[in-house]
Amino acid sequence: MRPYVVGFLTAIYCVPSLLFAQEDLSHARVVRLSFVNGTVAVKRPGSSEWAKAIVNTPIQEGFGLETAGHSFAEVQFENGSTARLGELSKIDFSQLAMDPKGNKLNRLSFQRGYATFNFIPERGDVYTVSAAGATLAPKGKSEFRTDFDQDRLRLEVFRGSLDVASPSRSVQLGKDKVLEFEPQSAAALNIQHGIEKDSWDKWSDARDTQSQLTVNDQAVGLNHTLYGWEDLDEYGDWAYIPGFGYGWSPYAAAGWTPYSMGLWSWYPSFGWTWTSGEPWGWLPYHYGLWNFDPSFGWFWMPGNFGVWSPALVSWWSGSGWIGWTPYGAVLPAGYNGLVTVPGSTVQNGKPIGPGGVVRRPANQGTHIARPSFQPSALAMLSGVPLPKGVALASSAVNPQAAAGRKNLSAAPDTAANHRAQLASAGIAATHASRGYAASPVRSVAAPATILMDGDPAVERAALQNHSSFWGRFLGADSRQPLHARLGTTLGGHFPVAGTVGTYSGEALYGVHEFAGNPTGDRESALSYTSGGAPFVLPHGGASGLARGSEGGSPAEGHGESRSVSSGLTSLSRGTTSLFSRSSTGHSTSVMSSASNGAGGGHH
């Protein structure tokens, strides 16, 4: 039996004891920091120190997030629900649990700033947001915005409805309704009609639009939303690799290897946990397996999405260094597939990038079960130390508490004086009021790009001109959502259209996609596979190539879609893409107690 199969079976048998040890609830859920723009800080439960977080930071129950001026963040839950934070905003994840029936319990505490929540409850899931002494509970699928400043709360409902419960009264807020809540006012709840969207709302809409477009664009799809799945369409391509089946590979430069950009952090009961700095680096590093084909490069194959892993690596050590390779990968003799760094880099949770790693063949090291050293306090931050002088949302509440800043005079705490204090303290304040007596401070600040490191002008043009679903389905328009070109090769070998740092709204057909294919058309590409060479699947899976059984050759088909099912590739004829959920009937995000508790990295 293969080692990774043994690890998976061990994980299945060990999970129940971990899940329901306390009050019949699992507290082992993990959600994802899916977008970072500027300075976003994370704090672990029980800690007094904030750390600067990178994208894909795992968030657990009790964690807190804050943003600095001109900084923004998005947290993505397992089923694609999101919480998006504007600048100078703060939120705590009071509860991230799961009951024995698989229902997810999500209770958030919004402390300050502005945020947009898009919740998609499934079955008995619970989502609540507490702010200004009120509890906000969506009824079904809902999208709403909160603005909270100086004990004044403003709510706007874009979709669905919201139950708002305050100490004085409770109301239900429907679509396009606005509520202003002032706990100290005799008339605490003031409901209005009509919403005027600003740049933050438009940015959030653009994020949603891009995500929706990728659903129809993917060469391989699921029948439900899973956090991070849309990134695979935006930042890479699916390919058919003879001898393996279908795998995904990111747009990356030649010589790229997995687990080579990010940092290692120590999570209690998880052990060493990998946080990828690559925008797509969530699913491929916490589920499934990586493998290597000499003619193609590195590719990822999805597995069962029921068990979240902190990292799927094998550890190695040598003279003055520690290294790792993707667990289960079969590498050619002499290939430099081993990523190595000084041991102190891992022990202290230091950032790891292309310039700081040395790649070696595995025969230069010794295979070890886990790192022998204990993590330092720095490795327990879930990020890197926050630079001095960074003002977060909590600093803005009490500007005099910001270290190293001017001693501010005790002026009356009015909105105008509050903004003046922030400016005097050097804290960015781009808030614009729509009449503070009637509503809290409301901001118009938003990120310039909806994708990590994107070109704002190109993104805006592509999103404004994208075709409708029916237009693409009927073949009248083949324009695609944004595809981020972060490198000039696919899997380190195959060229792709576009250049470094650019975006393309065009479908990815052509000779660049199919190495050795002289004509560049789809039919020739299919014929070319008979020679046993890998080839890249075109985007737009709803009318693309059909899959045969696992390990078989693909054949052209119409009205068929490629799907992922329990870790295997399968054919779904005449329907949308399918995904077989876990045996409990729900997709979970839990770690295995067969994890690297003492420092191992694989299950």
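The values are calculated or read from the model by the stated rules, or taken from the named source; none is laboratory data. Everything numeric in this text was worked out from a predicted model, so none of it was measured. Every residue, glycine as well, gets a Cβ built from its backbone with ideal geometry; the counts of neighbours run over all protein chains shown.
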Exercise for the section: Go through the residues of segment 340-363 one by one and say whether even a single one is touching a strand residue (DSSP E or B) at 6+ places or on another chain (Cβ under 7 Å), surrounded by fewer than 17 Cβ atoms within 10 Å (Cβ to Cβ) and among the β-branched types (Val, Ile, Thr). Expected result: yes
Handout entry: Enumerated strands (runs of 3 or more DSSP E) restricted to segment 179-273, each holding at least 2 residues that are of a type in the set (Phe, Trp, Tyr)
Key = 236-241, 245-252, 262-267
Practice task
Residue by residue through segment 456-492, note down the ones that are among the charged types (D, E, K, R), surrounded by fewer than 18 Cβ atoms within 10 Å (Cβ to Cβ) and at pLDDT 75 or above.
Solution key: ARG460
Exercise for the section: Tell me, yes or no, whether segment 180-196 has at least one residue that is among the small types (Gly, Ala, Ser), in the same structural domain as PRO45 (by TED's automatic domain parsing), out of contact with any Lys or Arg (no Cβ under 7 Å at 6 or more places or on another chain) and within 21 Å of ILE91 (Cβ to Cβ). Expected result: no
Problem - Only one of GLY46, GLY102, GLY62 that is assigned to a loop (DSSP other than H, G, I, E, B) and at pLDDT 95 or above - result: GLY62
Handout entry: Yes/no for ALA137 being part of a loop (DSSP other than H, G, I, E, B) and within 25 Å of the chain's Cα centre (by Cα)
Key = no
Exercise for the section: Would you mind stating whether LEU331 is outside the structural domain of ALA68 (by TED's automatic domain parsing) and not in a helix (DSSP H, G or I)? Expected result: yes
Completion exercise
Residue hits (segment 379-402; assigned to a loop (DSSP other than H, G, I, E, B) and at pLDDT 85 or above) are LEU381, SER382, GLY383, LEU386, PRO387, LYS388, GLY389, VAL390, ALA391, LEU392
Exercise for the section: Answer yes or no: is there a residue in segment 253-260 that is in contact with a His (Cβ under 8 Å, 6 or more places away or on another chain) and either modelled with pLDDT under 95 or at negative phi (or both). Expected result: yes
Exercise for the section: Could you tell me whether LEU105 is hydrophobic (A, V, I, L, M, F, W, C) and surrounded by 22 or more Cβ atoms within 10 Å (Cβ to Cβ)? Expected result: no
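When the residues of segment 140-178 are narrowed to those that are among the polar types (S, T, N, Q) and assigned to a strand (DSSP E or B), which ends up farthest from ASN118 (Cα to Cα)?
Of segment 140-178, the ones among the polar types (S, T, N, Q) are 142, 146, 150, 161, 166, 168, 170, 172.
Filter again for assigned to a strand (DSSP E or B), leaving 142, 146, 161, 170, 172.
Values: SER142: 6, THR146: 12, SER161: 12, SER170: 21, GLN172: 17 Å.
Per the criteria, the residue is SER170.
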Exercise for the section: Report, by residue number, each residue of segment 274-307 that is in a loop (DSSP other than H, G, I, E, B), more than 18 Å from VAL36 (Cα to Cα) and hydrophobic (A, V, I, L, M, F, W, C). Expected result: PHE296, PHE305
Fill in the blank from the handout: For segment 37-58 the number of residues that are crowded, with 22+ Cβ neighbours inside 10 Å and in contact with a Phe, Trp or Tyr (Cβ under 8 Å, 6 or more places away or on another chain) is 7
Completion exercise
Residue count, segment 247-275, condition over 24 Å from SER372 (Cβ atoms) and either surrounded by fewer than 24 Cβ atoms within 10 Å (Cβ to Cβ) or hydrophobic (A, V, I, L, M, F, W, C) (or both), comes to 8
Handout entry: Condition met for ALA165 (surrounded by fewer than 22 Cβ atoms within 10 Å (Cβ to Cβ), modelled with pLDDT under 95, over 24 Å from the mean Cα position of the chain (by Cα) and over 27 Å from ALA28 (Cα atoms))
Key = yes
Exercise for the section: Kindly provide the set of residues from segment 121-132 that are crowded, with 19+ Cβ neighbours inside 10 Å, at pLDDT below 95 and either charged (D, E, K, R) or within 21 Å of the chain's Cα centre (by Cα) (or both), ordered by number. Expected result: PRO121
Handout entry: Counted residues, segment 261-277 - those being touching a helix residue (DSSP H, G or I) at 6+ places or on another chain (Cβ under 9 Å) and at pLDDT below 95
Key = 2
Exercise for the section: Can you confirm whether segment 371-378 contains a residue that is under 27 Å from the mean Cα position of the chain (by Cα), at negative phi, at pLDDT 95 or above and surrounded by fewer than 16 Cβ atoms within 10 Å (Cβ to Cβ)? Expected result: yes
